[in-house]
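The values are calculated or read from the model by the stated rules, or taken from the named source; none is laboratory data. Predicted model only: the values in this text are computed from it and were never measured. All Cβ positions, even for glycine, are placed from backbone atoms using ideal geometry, and neighbour counts span all protein chains on display. These accessible areas exclude ligands, DNA and RNA; they are computed on the full protein's heavy atoms, side chains included. Shrake-Rupley method; radii C 1.70, N 1.55, O 1.52, S 1.80 Å.
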Amino acid sequence: PSYGNVHMQLGPANILDGSANLPEILSSVQEKLVDLTSLSTLHGRALAELLELPTPLVCTALTDAGISMRTSRFSDGVRLTDAQRWPLALQTAAMLKDRLPRHWAHWLVEPVAEGYGGQPGELSEAAISEAVDRDDVAKDYESSVLDVDAVVAALSEQLEEAVAAGRGAAERLHESGMLKITEEHLVQQLLQTQDGRRPLPPPLARGAAAIVARQLLPRTGKLDSDAVGPAKVRETSKVESLWPDAVNSLAPMQQRNEEALDRWGFKDTRFVARWVDGQPAVQMASKRYGSVGERPSFQLWAFFQRELKVSMGVRDTLPEKPLPDLPPPADGLVAQLSEVLPNARIRSDVEARLRGGTGHALADIWRLRIRETLRMPDAVVRPETEDEVLAVLRAAESGSVRFAVVPVGGRTNVTSATACPEKTVDSRPFVAMDMRGLSKVLSVNKEDGLAHVQAGITGSALKEALRKQGVTMGMEPDSMELSTLGGWIATRASGMKRAKYGNIEDMLLEVRLATTGGIVWQSHGSKGSVGAAAFSRTSSGMDLRGLVLGSEGCLGIVTSAVVRVRPLPEAVEHQSVIFPNWDLGAKFMREVARLPAAIRPTSCRLMDNRQLKLAQALREDDSRGQLRTLAKQAFLRMNGVSLEGASAVTLLFEGSRQEVVLQKRALGPLVRSTRGLWGGASSGEAGYALTFAIAYIRDFGLDYRILSESLETLAPWSVVASVWPAVQAAVIEEHRALRIPGRPFLSVRMTQLYDEGAVLYMYMAISTAGLTCQRALQVFQRLEHTARRAILDAGGCLSHHHGVGKIRAELLPSGLEPLVADAARGVKAVLDPRNVLGAGNGAWWTPPSSLTPQSQPHQERLSGA
């Protein structure tokens, strides 16, 4: 009842001590609440209309049973809907609790004292004997008499039909692979029209779901027909802490750059949930990203539950498990490797092998988290010179143990590109080559604007090393803290500053490729030392860069590259713009893309309303900051912008002071014409920083069995407006067909801009609570495949900058002509005739003997729990 909180605050105090009987106390409180219920003739009318009985007879039956009813002020001419009738009818039913089936009595008045209600699903003999034909009563109700037991019988019939619908929904969920079925999940199913069944009214669905959920056997999801009454209290032999020991203290930690294995980023940095002042909140465990996650965020916890429509418990997390055992390395392999490398740079321990065989695709990380391992490399080597790289490749080809090699950089690939193929595809032992041993800037030529850099250097280290030389490469992907120059080249990557500095193909001038036949590089006749000179273009036949870009470690191993560098910018400024909705923000982006390239902002990224709210939740203010936020919201409303539907653009300007002035000046008319409002530099800077922290959000979701992934595509301007709606519609429909809990979280931002189109960077997340860990991955992969298929069908490309790897290889024929694929295999036959580089990505992918989850037949996938 609505007065429950008032009763708890102003009602008589109940002393809880060692002798207190809590069920009796709660039952007494409930009795008092029910006694406070005041019924009117409107309640009787609502119940009568639901039961298709005359209102006067129902009201008389209730008053004859001792239930007082006052006259309602609502006229009989006011039409009621089912959504209005059922709350009134169930409030009336609470007064009849001792006559209803016991499980309904327990739900309406919980907890109730033992003895209330009949048996579950059974009506009293009096109710059966007094039951009357409703049609006969309706014909001549003036001469009819209706007993309250007959009213109860008619009501109980509808209530039990709802329970039957709930049981049917539970069985269908169990058949679809759900092992643990929650009340919320059942409510969701009962409110949907599925398989020709009409949805239940919300109050009835809530009651039926609660009753059926209470009758489910723990962990199995199967119905227990004997389970009635209040849920049994789980016994425990120990008192559990309110949150895990690892997050009891969130005192600032000394920043350490030790990388995590089964999470994104660094071991000292993660989002954790805990109780703060009696409420669940989320906070980052380090200050690596400044104000992002610095304060406990109550909004972020609420954001997850609201957007996914699921309930979460702070302590209901995926359990931490020890690392799994792996088969020993192939006989003789480590000894053979020790002939060409020092033993200190050869590892065959479990953690090194797990790192070498996984990236950050959802499938890779989820399997690591649940300790399910597929095939891993037998060993990991870390060369420090080109000669050592060549020595390993030659040993792979000609040694006593023939093995395949997969180059590995920062493990940031999201396509399972570094995963070993199944043994049915390639039975050789595999060795992962960690390229981060080659991580130096070999030379910088400021006059020509180029630098010779080893391929294993990370983006952050490269940026800092070049900064000391007064230059920058300008390549800043979201993963730059961990990803490497060689990885950028191998995947044909892009960065946040593309508008000014270009993509990796615009920055790459020369590349050195290690193959079993030696080093391949295109000196264009230069006899000088490597990297001393380079040419941005020549007209002398095919270009080695074009072959290596996007080769994903299958043609050779990039050991170093000559890249274009520019002087450090004189001025760097941030800014932001907020728009009333996504469409106006997208219109602004389209106009920015029409500007001359020289006056476009260095970075211009549009986020939708969900990402805007996520950004706000991550930067939850203190009380003083909240006042400022309220003032900003009032200002926005005055100018026609509501945060409930707004989108926002974060801007970065770089260059000479004159360039920055021109860039900002060019945007002014575009902002006005699209009804935008300047949001300030601090919001723009925070939005840019958020890019680096958002990846940690995915791992927080995994803690609570929320699986998520990003998808990116370049779509022409002629279709860009239709791609995202197509993806949303396809995923929502598939999510519903899979009967998984809650709803999918779907969000998008528009990032790199081109003359011909724009990049859409999409996020998808689902709750897999109740599914086995293996089934959860199958379900997510099916949704991911559905989304990618929708992108292609709507006119987008398969990948803009993430590459293909193995995850997207099945869809590659949609955008790659067979002759082009044959040409790629022909190049490999020349550069790597014995397939030493055996990663098998992209055009060189070989389907495994067992079908992947997304390519299995529909019914087989559904039953594969």
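Below are the figures for this structure:
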read-out: Selection from region 48-91 of residues that are of a type outside the set (Gly, Ala, Ser), more than 45 Å from the chain's Cα centre (by Cα) and assigned to a loop (DSSP other than H, G, I, E, B); value: Glu52, Leu53, Pro54, Ile67, Thr71, Arg73, Phe74, Asp76, Val78
read-out: Residues within region 462-493 that are under 25 Å from Tyr289 (Cα atoms), touching a residue at least 60 places away in the same chain (Cβ under 8 Å) and not in a loop (DSSP other than H, G, I, E, B), tallied; value: 7
read-out: Residue within region 764-781 that is surrounded by fewer than 22 Cβ atoms within 10 Å (Cβ to Cβ) and among the hydroxyl-bearing types (Ser, Thr, Tyr) present; value: yes
read-out: Selected residue (criterion: nearest to Ile504 (Cα to Cα)) from residues of region 546-579 that are modelled with pLDDT of 95 or more and out of contact with any strand residue (DSSP E or B) (no Cβ under 8 Å at 6 or more places or on another chain); value: Gly550
read-out: Lone qualifier among Glu422, Glu397 - being over 20 Å from Met496 (Cα atoms) and more than 35 Å from the chain's Cα centre (by Cα); value: Glu397
read-out: Residue ranges of helices (runs of 4 or more DSSP H) in region 494-611 with at least 3 members on the phi < 0 side of the Ramachandran plot and among the hydrophobic types (A, V, I, L, M, F, W, C); value: 544-548, 582-594
read-out: For Ser40: the one exception among (1) in contact (Cβ under 8 Å) with a residue 24 or more places away in the chain; (2) out of contact with any strand residue (DSSP E or B) (no Cβ under 7 Å at 6 or more places or on another chain); value: (2)
read-out: Matching option when the condition is aliphatic (A, V, I, L, M), surrounded by fewer than 19 Cβ atoms within 10 Å (Cβ to Cβ), closer than 25 Å to Glu157 by Cβ and at pLDDT 85 or above, among Ala65, Ala94; value: Ala65
read-out: Residue that is modelled with the lowest pLDDT, among those in region 670-710 that are open to solvent by 40 Å² or more (accessible area, probe 1.4 Å) and touching an Asp or Glu at 6+ places or on another chain (Cβ under 8 Å); value: Ala681
read-out: Unmet requirement for Trp724, which otherwise passes all of (1) open to solvent by 10 Å² or more (accessible area, probe 1.4 Å); (2) part of a loop (DSSP other than H, G, I, E, B); (3) not charged (D, E, K, R); value: (2)
read-out: Qualifying residue in region 847-863 (condition: open to solvent by less than 60 Å² (accessible area, probe 1.4 Å), modelled with pLDDT of 95 or more and not in a loop (DSSP other than H, G, I, E, B)); value: no
read-out: Extreme residue, nearest to Pro101 (Cα to Cα), among residues of region 150-200 that are open to solvent by less than 10 Å² (accessible area, probe 1.4 Å) and not in a helix (DSSP H, G or I); value: Met178
read-out: Unique match (being touching a Gly at 6+ places or on another chain (Cβ under 6 Å) and over 28 Å from Pro477 (Cβ atoms)) among Arg743, Arg834, Arg775; value: Arg775
read-out: Test: residue in region 281-291 that is in contact with a Gly (Cβ under 9 Å, 6 or more places away or on another chain), over 13 Å from Ala693 (Cα atoms), open to solvent by 30 Å² or more (accessible area, probe 1.4 Å) and in contact (Cβ under 8 Å) with a residue 60 or more places away in the chain; value: no
read-out: Yes/no for Gly640 being at pLDDT 70 or above and on the phi > 0 side of the Ramachandran plot; value: yes
read-out: Given (1) among the basic types (Lys, Arg); (2) assigned to a helix (DSSP H, G or I); (3) open to solvent by less than 20 Å² (accessible area, probe 1.4 Å), number of the condition Arg736 does not satisfy; value: (3)
